[in-house]
Each structure stands twice: as structure tokens, then as C-alpha cells.
1. State the answer as a single residue: which of A:221, A:53, A:564 lies farthest towards the positive end of the charge dipole of chain A, with beta carbon charges of +1 for Lys and Arg and -1 for Asp and Glu, about the Cα centre.
2. Rounded to the nearest 0.05, what FRET efficiency do residue B:71 and residue B:189 give with R0 = 25 Å and r taken as the Cβ-Cβ distance? Could you check?
3. For segment A:447-506, which chymotrypsin sites (Phe, Trp or Tyr not before Pro) are in a loop by DSSP, counting at most 11 other Cβ atoms within 10 Å?
4. Determine ³J(HN,Hα), in whole Hz, for all residues of segment B:175-190 in sequence, where each value follows from phi through the Karplus function 6.51 cos²θ - 1.76 cosθ + 1.60 and θ = phi - 60°; x replaces Gly and Pro.
5. Using the Cα centre as the reference, give the magnitude of the dipole from point charges on the C-beta atoms of segment A:126-262 (Lys, Arg: +1; Asp, Glu: -1; all else neutral), rounded to the nearest 20 debye.
6. What ranking of A:544, A:434 emerges when the number of other C-beta atoms within 10 Å of each C-beta is taken as an exposure proxy, fewest first?
7. In deg cm²/dmol, rounded to 500, what helix-only [θ] at 222 nm does chain A give when every DSSP H run of at least 4 residues adds -39500 (n - 2.57) and the total is split over its residues?
8. Tell me, rounded to the nearest percent, the portion of alpha carbon pairs in chain A spaced more than 48 Å apart.
Amino acid sequence: MNSLLVLVPVLPLAGFFINLFFGARLPKKVSGALATVAVGIAFVIAVIEYSHLLSLASANRVIDTNLFTWFAGGALTIHFGLYLDPLSSVMILFVTGVATLIHAYSIAYMEHDPRMKTFFVYLNLFVFSMLVLVLANNFVVAFLGWEGVGACSYWLISFWFDRDSAASAGKKAFIINRVGDFGYLLGMFYIFDIVKSLDYHNVLGSALGSGSLAISPHQATVIALLLFVGAAGKSAQVPLFVWLVDAMEGPTPVSALIHAATMVTAGVYLMARIAPIIHLSTVASTTIAIVGVSTAFIAAMAATAQNDIKKVLAYSTVSQLGYMFLGIGSGAYVAAIFLMVTHAFYKALLFLGSGSVIHAMNDEQDIKKMGALYKVMPITGFTFVIAWLSIAGLPPFSGFFSKGDVLLAAYSKSPILWLVGAVTAVLTAYYMGREVYLVFFGGARYKEAGDFHPHESPKLMTYPLIILAVLSILGGLMNLGFSSGTDFLTNWLVPVFGSAERQLSFGSGTKAILEIGDIVFAAIGIFLASRVWLRSAINPALERDILRRGWGVDEFLNLLFSRQGEKLADELNGFVDPLVIDGAVVGGAKLVRSSAGVMRLLQNGYVRSYALVISLGMVVLLGYVVTRASF
Amino acid sequence: MTSLVEALIIFPAVVALFLALLPKSSSKAITQSITTVAMVALLIAAAVIAVTFKAGFSGYQFVSSYSWIPAFGISWKMGVDGISLFLVVLTAVIFPIAYIGAGEKGNSKSFAAWLLLLEAACFGSFLSIDLFAFFVTFELTLIPAYFIIGSWGYEKSGPAAIKFFIYTFLGSALLLVGMLALVFIHASQGHPITFDITKLTNTTMASSTEKWLFAAFTAAFAVKAPMFPFHTWSPDAYRQSPTAGVMVLAAVMAKLGTYGILRFDLSLFPHATIAFTPLILTLAVIGIIYGAIVAAGEKDVKRMLAYSSLSHMGFIILGIFGLTSIGAAGGVLQMINHGIYTAALFLLVGYLYAKTDIFDMSKMGGLQKKLPILAGIFTLFVMASVGLPGLSGFVGEFMILLGTFSGHRWWAVVGATGVILSAVYMLWSYQQIFHGSKEMALAEDSTSKSLDLSVRQISVLAPLVLLVVLVGVYPRPLLSRITPSVNALISHVDAAKNAPAAIAKLNVSGKVTH
């Protein structure tokens, strides 16, 4: 099974190399199909690996294997190793699964792009990196995947590089991610300082107290918070979320795959991975929960005022990621992963649906210029509505179950966390309702732009929508909290999280009330949205400018860092270095010169002859040595 | 094998002399083929040395030793250990690529001769075990480099070459004084007079004397690397050098500085090393951040890369003065990595200049459209330079920071911000050159129908592309040879930490004879 497991990341890597070197000779569609098949087979193998794990006793469900030693020096040895356990098996399943669908969709979506093959080169490399990230058996190999997905994200956001906005957005994403990576790196250094290893096995063992070098609660706080800085960068948490909104400059399949379903959830995965460490520190878990729920609320508010079909979804993703961190911080690791997977289904569906709309609207992205598209694009419209109901949290759609689990745990940790999360749930149903009504229902405002006939997308695009819609509906089946026999995901992941997973502190009565509450919140949001946005597409009072600008966080950061940074760079480059530093050193040299004849000689144009004399002298000396040496 | 070590130094010098003596009328083809063949032969020799080098030993291997000027204890003593091995290989790889990549300048007899002489001097510096031989070859690099910058450089190369010469020459003068003082002190203690560094390590010195000598040595190396604040010659020299010159300058000669620090400061002056550690670490960290910020404000792509190098040299020095095996081994690895991607970036910039006639990035833009292959290779090296794991650049940087973190935590923390800053200036530069809607008119390349890189240019770059990936994915063969020597050096410094009087002796017992 180990040899098969290696193929999971290797297949997309092979696809990358084939398209990189031979793509130019392949027909466009072949190159796209090849990339899709590579990821598709990886999915099949992921399924085989999953069933293999399933066949083992639950305590034995870990395959920890080193392929080769990547680097070593002193006490440090880093193996290139894979780690398949219930958690990573869930990750590879949904990553390869969703990626296959999005690859297939892209064949149609990118058909008219002259650089379609390059697109698939990056896309395969991305999937490879993502799989390395989740399958790594130590922090450093995970970091390889972590940085790899970041680089692919940079290349794909700035895919249409002749647009300055796309180029800047790609750069911004990479740099802000690097801010997070700074935290990730320091976290690793600190771990190594304590545990003398960066293998999950040893580090998590130390956190559980089984290793010889135990991690103290204080150390756990430092480690968890440093790694959380990394997670906050990658998973776009406050205040580092600004890059994700700009990332919508990338082609829509990229937004679906990287900036909704997979890469941005890497931070959540990392936090779930270090659950035993977070468990040791209330400071860390509370911080994560507060940052998460704040992000969820702040982004949901911003989403209510966006007019770009993709920017609504971008803020929505930020908000949903906030929910996942709320789950992590509340000790609901299973719920966070559950939400991650279901979110991957419905958010990928929303993005691909929006891509289908953008396609139909000839690249128009302003929802105020759409309306009534349901009639002309029934498949896109219908599946989009399913995704909306799912993210809104209505039963029986998957979002109801996953978000509900997060909120239950939040309530168990602190009712305040729950309250903010509940308000956000209303907002979520509302902003998505606004988008659905403005795009698919109401008046056909696009007709004002002239004679224009939007149409449904080709099958290669609608089939993935249908599959994702089915998954969005049925995803809840993974973890039905009715009885201990039906919460499959919880049972599957329990060996991974163990005692770190929070046990709810209240009875089934409270639980039922809270769950009914969830339904009510969703209903309120949907109702409000229909009252407002079905009637009119213009409600300035509900679309505050400050919210549209994402609370001005981006501008604030720009002012604080970019502007000041530019000033500093110009100052140092134009003045300090050439005049002050150089001046000081040259001034010192001049002082010497005034007292030393040698310097005058050098500056008076004798340099050349002097240099020649030295060099000839050296050559003669060397010649002398040679003769001495040989005879 | 010993004769291969000797050949690395003597052969290129002899070929250089031969080229210099060729009649003026001799054809370009002769110059080109002689130089290319010579450099490739040297590359093969270096490769053979690397392959036959025994991993797991800390001492010198393939030692070639002859008495030279016995009256002064000067000997020709050359050999290679884990610290110098891959610097020798790097030298052997970069020179032919620089020469072939330089294009038409390579037709000049004197250009080729100077380049070969420079190669000989670089090999000599890395291979010398005798301090005098080191000084001679270290000095000797100055002259060919001066002429290559001054005579084949860009419009303002004259002043830049003189600045380069004066800076490094002043450093060398201090090195000379320091070296002689050390040898005399050693001899005055009843030892036979010698310049052999393996023997000079047991010199007993007053603490203040040791510090002065440390300062004298370090000054020379700090200029060469360059290390903040002795770097101001480098943006001018790098900018004005011809492509081959700057490749060698940044990729190989800069390492003479960091190599010198590691080899001589740590082994000869361990107490002073410890005493100066906070100062040097601080300068290294300032260099990392300062270099990166200035690079971000730079419009000229070559000067940007010069400041980028300043920042990267800061990392290497940080690793060395973190005084841990992991960090110092990372430092040595990073010397190699920096050599690979810097050489490639300067070569690519040279190719870019051939098409655009400018180095000013603010006037470039949108070039990825017309030059997809060049842009693709460029982006690879950009990623290597910012330390993307999987490419060379990451492992070295990681080990440097991890190692330094354990003993000198806050310097490592501040230094690690370089990870963010490098992304800022490299990606901003890439965006300015290759992204955006600008349409630039490009000069047709005479050798190729397409505007993009020619097959010849791609094949010149290919070895560097291969290395940047290979060393990134599998740096182990390098590290397993680097680490034992670095370990011995670091435990030598550690011993000094515990022994206040300078009686610690570098353990060279791991020596292998062939």
C-alpha cells in the first residue's frame, strides 16, 4: 500500500512534467485531459488507501513512512516522508476529488485561452503541492507543500499577467502568505529547540506526554500561536485576509480550487494536525477561537455589500474559514474538518457556478447588471440555489450539519462566541440570498446593456456542477449527530484527536434548542434577503461603502506598510546607501589617503600598471613553484 | 588525485599565459575553443575530486604539499575538505557558463586569459592550506577581476573598477599585516616558523591581540563578501561589470569572503570569534534587512541583484556566527546555492539586456508575453532566490535560521524577516520586468529567429536549472561531506568557549591519505 500511496502526489507531478516539457506538442484538449486524468487516478488511489485504512483496527490506522532523507546536519535530520492517518486520508480524498472535477470543468472554461496548457501545468503542480502538504509526516515537508501551493497560487492569480491588477494581486498573495510563513518557520525552530525533532510522530508524542521531552503549556502556547500566524496567512484570517479578495483576479476555476476548496483550508488542517499541542494551551485555543469568529463576522458583513459576483464569494470564504477556526479554537476538530469538506463542496460549486454565469455574461461580473438568469441557465441556477441553501445552513443540506456542530462546540466553550457565530449565520444566509436573487431572479437587468442572450454552459462545465450539488446535499451524511452510530466522521477521526476533541458540556435538550436556532437564523437571513433584493437591486442604505471596501483594512495596511515601506526603500536607496554609508567608508579611506602615499599612487592612474606588476609577479611566483614542484 | 588539486590551479594559469602569448592575428575560434576546452577539463577535474572525496571525514584530503620558501616557513600546501569541496566545484561550474554565456566578449584573447587566471586564483584561494599561498591567490583574484570590470564593462566601468580595487585592496592590506603578525607571534612562542593554518591554530595570544588580528582578517573578508557596511563598492561593480564578470564576482568571488571568515576567523581566532559574535550577528542581520529594503527601492535590475546578494550574504554570515553545526553547515550550503541562482539571474539579466538595451526595470514591462521561456526560467530562479522549498536556497536558509535560533534566538527571529522581504523585492522586480500591459520593442537576436531565448542560450542555462532543482530536492550528498568539517570547526570554537587560554587545537585527525 505504501508504494501506491506515493503515487497520490506523484501522479499530478508527472502530469506537471509531461505538460511542461511536451505540452507544446499536444493538442489543447489532450493536455487538459491528461492533467485531469492524472488527478483522477490519484483520487482513485486515495479511495483505495482509505479503504485500506478502514480495514485496519482503529488504533493501527497510521502509515508513517520515510521515502528518503531530504537533508541532515548536526542533530537535524529531515526525511521526505508520508503520513497517512484518518485525518490525512480525508484530506487527500476531498482534495483529489474536488480537484478532478475542477480540472474537468477547466477544460471547457479555459478552452479559448491561448495559454490553456500553461494553466494545466500550474494546476497539476498545485495539486501535487497540496497533496504533499497534507501527506507529509513532518513539519518541514509540509512546509514544502505549504510554500508550493503558495507559489502556484501566485502564478495562477497573476495568470492573466498583462492585467496590472492581476499581477499585483498575485504578488500581494505571495507576500502576505510569507508573513504567515514567517510564523510557521519560527514555530518550527521553536519546536526543534524543545523536541529536537520536527517529525509529527515525535512532536505530537511530546505534546501527549509520551515522548521523553515534554512540551510545557507555556511552550505549547508559543508553538500554537506561531503556527497559527502561518495558518492565518494561508487561510486568510484577520488581518491577513486582504489578499484573498484580490486573488479573485485569477481565473474562476482557480478561485474554486485554490481559493475556496483546498489551499485556503491548509491552515485549518495544520491546526487540526497540532491538536494535541493546542489542547495544552487555553490561551492559544481561545485566541484562535476569537480570531476565527471575528473573521467570520467581519467578512460576512463585508460580503453583504459586494457587487462583484466573485467578491461576495471571496468574503464568504474568509467568513467560512473563520467558522472553521472557531471550531478549532473551541476544540471541535472534527466539526472543523467536517465544515472544511462540506464547504469545499458547496463553495467550489458556488465558484464554478459563478464561472458559468461569468462565461454566459461575456465576462461581466457585476451582479447588479444580471438578474433573472435562472430561466436561461437552469442547471447553473438550480445547483447554485442548492449551494446557497447549504451554506445558509438549512436542513437537510450539508452546511446545516457541519456549521451546526461548530456552533454547538462554540456554545460549549463560551456563549459569546456562539452569539457572534449565530449572528454571522444570519448574515451568511442573507448575503448569499442577495447574490442569488440579484443574479438569478428579479428583473433581467442585463437586457439594458443591449441585445444579449446568455446561455447555459456546456456539459463539461455543468456536470461538475451537478456532482458537486449532489455532494452538497448529501455531505451531511458523513456525520449525522443523531446517534453515535451515525456520526461516521467523528468515529473515523477520534483516534487522531483523542482527548483534544471537546465533549459537549450540555444535554440533548439544549442541543436540540441550539439546532432549531440554527434553522431559525438561516430562515431569518433568507427571508430578509428576499424582502429586500427580490424587489429592488438598489438599496444604498444596506450597502455601506466602508463594508464594500472590506472595512478599509486593505487601505489601512497599505498606508501603514506599503507606503511607508516604499518611502523607506527610496530613502535608503537614493540617499542613505550612496551618500551616508558609502560616504562614511570613502571618507574614512580619504583620511587614510591623506597620510598614505600608496593611496595617492592608486588614485593617480597608476592602478593599471601597479595591478599588472602584481599579477605578473604572482605568475612568476607560481611558475617558480611549478618548477620546484615538478623537478 | 593530489595532482588534480595541483592541476586546478596551475593548468588554468598556464593556459591563460599561453593565450596571452598567442599572436594577435590568431582567430576567435582558437581562443574560444582553447578556453572552453580548458574550462570543461577543469570542471571534469573538479567533478572527479568531488566524486572521489570521502564523506564522513573532517580533515583535508588530496593534500599536495611542497616546501616553497623554507626560510620563512612558506609552503605550497593545497588540499580540500568539506568546507572547500563544493566551493571548488561551484567555481568549476560557474566559470565555463560565464564564459560561454558572455557571448562575443569571449572572442577576446585577453578577456579569456584574465578569466582563466581568475579561475586559477579562485581555485587557489579555496584550496590553500598555507596562509601565504592563500594570501597570494586571494590577492591575485583582484587583478583579473579589475581588468574584466574595467575593460569590458558598461559605460561607467572605469570608476567602478577602481572603487572595487581600492576597497578590496585596503582590506587585503589589513589581511597581510594580520597574517604576518600572527605568524610572528606563533614563531616567537618557540614553534618553527610556518604559514600552515593547521599549525597556526595553536597560537597562544593575549585576548586583545587576538581581537585585533580577528578584526584585520575580518575586514578583508567583509569587503569581499560583501558584508554591511562595507558593501558600497558592490552595486557599482556589479552594475558595471560585463555579464561574465558579474557572474563570477557574485557567484564565486563573494564566497571568498564568507569562506575566509569561516575558515580563518573561526579556526585561528576562536576566542575573538566568540567575543565578536554579537557584533557580527548584528551586522549580518542589518545586512539582511537593509539589503532587502534597498533592493526594493532599486530600479536598476543589476543593482537590485547586488543588494539582494548583500541580503543573502547576511544570511550566510548569520549561519556561520550562530556557531552551531547546523547553522554553519547551512551557511556553507547557502554559499553554493547563492552561487547557482545568482549566476543564473545575472546571466538572464544579461540576455534580457541584449534584447532591451536597458537595465532600468521601471522602463520594462509585459515581457513575459514576448519572452515566455526567458520569463519561465527567470521565475524559477526568483523562487530559488526567495527560498522556495524544493529549490536550492531553502535548505541552506532553513538550516541557518534553525541553527542560529538555538543559540542566538533573537538574531534569528529578526533575520527571518528576510524571508518576507526577499519576496517583496524579487516579486516586485519580476512584476516590473515581465508583467503588465506594456508593449516593449525588442531587438532581434542575431543568432535566433525567435525573440525568446535561443537553443544555445537555453543549453547554457540548463546546468544551472538542473542544479537548482537537484540541490533543492536532494542536498544530502553535499551536506554529508560539508558537515564533518563544519562540526570539527564548531567544536574547535566550543572548546575555546570552555578554555579561556588559547590552547585549543583544531582536530585534524580525520585526515585521509590517498
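Each value in this text was obtained by applying a stated rule to the coordinates, not by laboratory testing. What you are looking at is a predicted structure, and each value in this text was computed from that prediction instead of being measured. Cβ placement follows ideal geometry from the backbone for every residue including glycine, while neighbour counts extend to all protein chains displayed.
1. It is A:564.
2. Values: r = 19 Å, r/R0 = 0.76.
The pair residue B:71/residue B:189 has a calculated efficiency of 0.85.
3. A:482
4. Calculated HN-Hα couplings, in order: 4, 4, 4, x, 4, 5, 4, 4, 5, 5, 4, 4, 5, 6, 9, x Hz.
5. 100 debye
6. In increasing order of surrounding Cβ atoms, one gets A:544, A:434.
7. -23000 deg cm²/dmol, from helical runs alone.
8. Numbers: 40713 of 198765 pairs.
In whole percent, the long-distance tail amounts to 20.
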